1. Of the residues in the stretch 144-173, how many are modelled with pLDDT under 55 and more than 16 Å from ligand 2 (Cβ to nearest atom)?
2. For V326, indicate whether it is of a type in the set (A, V, I, L, M), assigned to a loop (DSSP other than H, G, I, E, B) and crowded, with 16+ Cβ neighbours inside 10 Å.
3. Could you identify the single residue in R272, R287 that is assigned by TED's automatic domain parsing to the domain that holds L122, farther than 24 Å from Q235 by Cβ and exposed (fewer than 15 other Cβ atoms within 10 Å of the Cβ)?
4. Would you tally the residues in the stretch 64-107 being free of Cβ contacts under 8 Å to residues at least 40 places away in the same chain and touching a Ser or Thr at 6+ places or on another chain (Cβ under 9 Å)?
5. Limited to the stretch 176-186, what total is found for residues that are without any contact (Cβ under 8 Å) to a residue 40 or more places away in the chain and either near ligand 1 (Cβ under 8 Å from one of its atoms) or surrounded by 14 or more Cβ atoms within 10 Å (Cβ to Cβ) (or both)?
6. Can you name the residue in the stretch 292-317 that is β-branched (V, I, T) and at pLDDT below 95 and, of all such residues, is farthest from F78 (Cα to Cα)?
7. So which of K251, K233 ends up being at pLDDT below 85 and surrounded by 14 or more Cβ atoms within 10 Å (Cβ to Cβ)?
8. State yes or no: is C173 surrounded by 14 or more Cβ atoms within 10 Å (Cβ to Cβ), touching a residue at least 12 places away in the same chain (Cβ under 8 Å) and within 16 Å of ligand 1 (Cβ to nearest atom)?
Amino acid sequence: MKNSNLPLVVKAVTWSRDSHGLYDYESRNVHKKLIQVTKPCVLTRLGNEVSQTLSQFDMKQANEIDPLCHIDPVNTDFTVQGCSDTMWMVIRTMRTKYGPGYLLKEGDTIKLGRVCYKVSLLRSHSDDSLSDKTQDSDESDVEIPNERETGICRICLNSDSETANPLISPCKCAGSMKYIHLLCLRQWLNSRMQSRVTENCITYSWKSIDCEICKSCFPFSIGNTGKETELFKIQKPETPFIVLEGVGNDKNSNRGVHIVSVTNGNDITLGRGHEANVRISDISVSRCHATLKFVDGRFLIEDNNSKFGTLVNICEKIIIKPLSSVVVQIGRTVVSFSTRIQQQGIDSNDIMN
Ligand SMILES: [Zn+2]
Ligand SMILES: [Zn+2]
């Protein structure tokens, strides 16, 4: 391990009032800290004070200290790895070769205000030869209960369990209420579904999708060994599309699925406003929060100077090359890492741009 020529300049902004881990990008009432990093260290927060801790030992002395991330110099680069809290990249600070924003990948989790979506499916070609296998679940590989058990479907009271319509146990119910047919459950879920169709977007939402008996939430798909069967059977568009699946801890958060079809030149807006293509009814979401574009066969999301930002979850190490910079949000701290030649001082405009 060798120190780079340029130190890593860390600008941290933290705020005292935590509401759903949201950072008000318009707020001026923040605590700022400028740190230069040349050695391996852990960035920590104690109250409103962000500092670099050089050894693990110091950190364990106080329980209230929040470790944010590990920073390591590697040759001329620096690596940043999150600690326990999720590390989010701040999309408004990101650029792609197509312009500002971030190119979405399947499996990404994005956060608009406090609302999270998983990018569960991306289809960039209309004539995708990889036609969606989950659309016809005849060859589904769902777990069929042990033959020794006598399962009876709690809806139709039938005990038949076939490959095309197996008895499954998708919730925490036990005993005589344990099993339900895949198709019986799907039908029940469909009856509770509402859909909203606009020019470029179909939104499916469910008032609630929890089991009425045990109150556990039905998963979006079931199965094992990577081959999943969707419980929610929904129509996929012909044009390129992206599926945003609501991820929520609390029951009233939108457990819905947005299927957004995108064509060249058509920007899709996501926001709380009535005119938004994808409407997200949450106070933490700005009226026109973000824009989704289809460029060169890829899906680009751009933040539209939203109040609470658009973020994307990052699990792997971030590598900061010389003369570059990265901005992340960890809990209630926004940190900018930069190896650019810096002028002294810090202001909140700087961290946002
Ligand atoms: Zn049944
Ligand atoms: Zn149940």
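The values are calculated or read from the model by the stated rules, or taken from the named source; none is laboratory data. What you see is a predicted model; the values in this text were computed from it and never measured. Quick reminder, even Gly has a Cβ in these numbers, built from the backbone with ideal geometry, and neighbours come from all protein chains shown.
1. So in the stretch 144-173, the residues modelled with pLDDT under 55 come out as 144-148.
Filter once more, keeping what is more than 16 Å from ligand 2 (Cβ to nearest atom): 144, 146-148.
The qualifying residues number 4.
2. no
3. Details: R272 fails: exposed (fewer than 15 other Cβ atoms within 10 Å of the Cβ).
Just one listed residue meets the conditions, R287.
4. 5
5. The number of residues fulfilling the criteria is 7.
6. To start, the set of residues in the stretch 292-317 that are β-branched (V, I, T) comprises 295, 301, 310, 312, 314.
Still in the list and also at pLDDT below 95: 295, 314.
Numbers: V295: 31, I314: 16 Å.
Here the answer is V295.
7. Details: K251 fails: surrounded by 14 or more Cβ atoms within 10 Å (Cβ to Cβ).
Sole residue among the options that is at pLDDT below 85 and surrounded by 14 or more Cβ atoms within 10 Å (Cβ to Cβ): K233.
8. When the stated conditions are applied, C173 passes them.
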